[in-house]
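The values are calculated or read from the model by the stated rules, or taken from the named source; none is laboratory data. Since we're looking at a predicted model, the values are computed, not measured. All Cβ positions, even for glycine, are placed from backbone atoms using ideal geometry, and neighbour counts span all protein chains on display.
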Amino acid sequence: MGPAGGPALQIIDANGSAVGSVYGGPTSGSGYALVPINSDRIAVQFNFGDLDVNGQIQGPELTLTSTGYLAYPLPGCGGTPYIMNSWVAGATKPSVVYNYGPQFVVYMPMFHPSAQLISIASVLYPGRPDGAHSSPSCLASSGQGYGYVADSGPMYMSWTYPFSVQ
């Protein structure tokens, strides 16, 4: 057994506050950070934030991107929200992260969840996939899927763009 490794790389916001620890190596220009929230940790995706209108990287600044989406049993994103497709290895709970302009919002279950089969009438999809500051939109949808009830959200995080790795 070799010596203990050094501290993990951290995602740091514009105010110098640690958001979370880098988890694994970034691929295709994005990666994940494990972020402590209350006594849990969630996976938050990050990628380059200084992009031109064609999506070309202009600088080293990073941003946090939306992760997952919410599904609702009623039209117009009404009723209880369910977290869909957001269980990442290393996280202790499923979660959804949205950015509404510069504000980051997190949804996650209050208790350790189990997936429930739901009938979906609408979904709240994230904004632009490149992490640019844009707001989610509610879209009509149909079908069924397994989701985790988001009974504790939303939580408004004080993370401030731009982000860096240190």
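Before moving on, here are some points about what is shown:
- Residue check for Gly147: of a type in the set (Gly, Ala, Ser) and either in contact (Cβ under 8 Å) with a residue 60 or more places away in the chain or surrounded by fewer than 18 Cβ atoms within 10 Å (Cβ to Cβ) (or both): yes
- Qualifying residue in region 144-156 (condition: in contact with a Phe, Trp or Tyr (Cβ under 6 Å, 6 or more places away or on another chain), at pLDDT 80 or above and within 25 Å of Gly49 (Cβ to Cβ)): yes
- The single residue among Asn15, Asn47, Asn85 that is among the polar types (S, T, N, Q), at pLDDT 85 or above and surrounded by fewer than 21 Cβ atoms within 10 Å (Cβ to Cβ) turns out to be Asn15.
- The test for being of a type in the set (Val, Ile, Thr) and at pLDDT below 75 holds for Val53.
- Residue count for region 18-37, restricted to those that are over 22 Å from Tyr69 (Cβ atoms) and at pLDDT 85 or above: 4.
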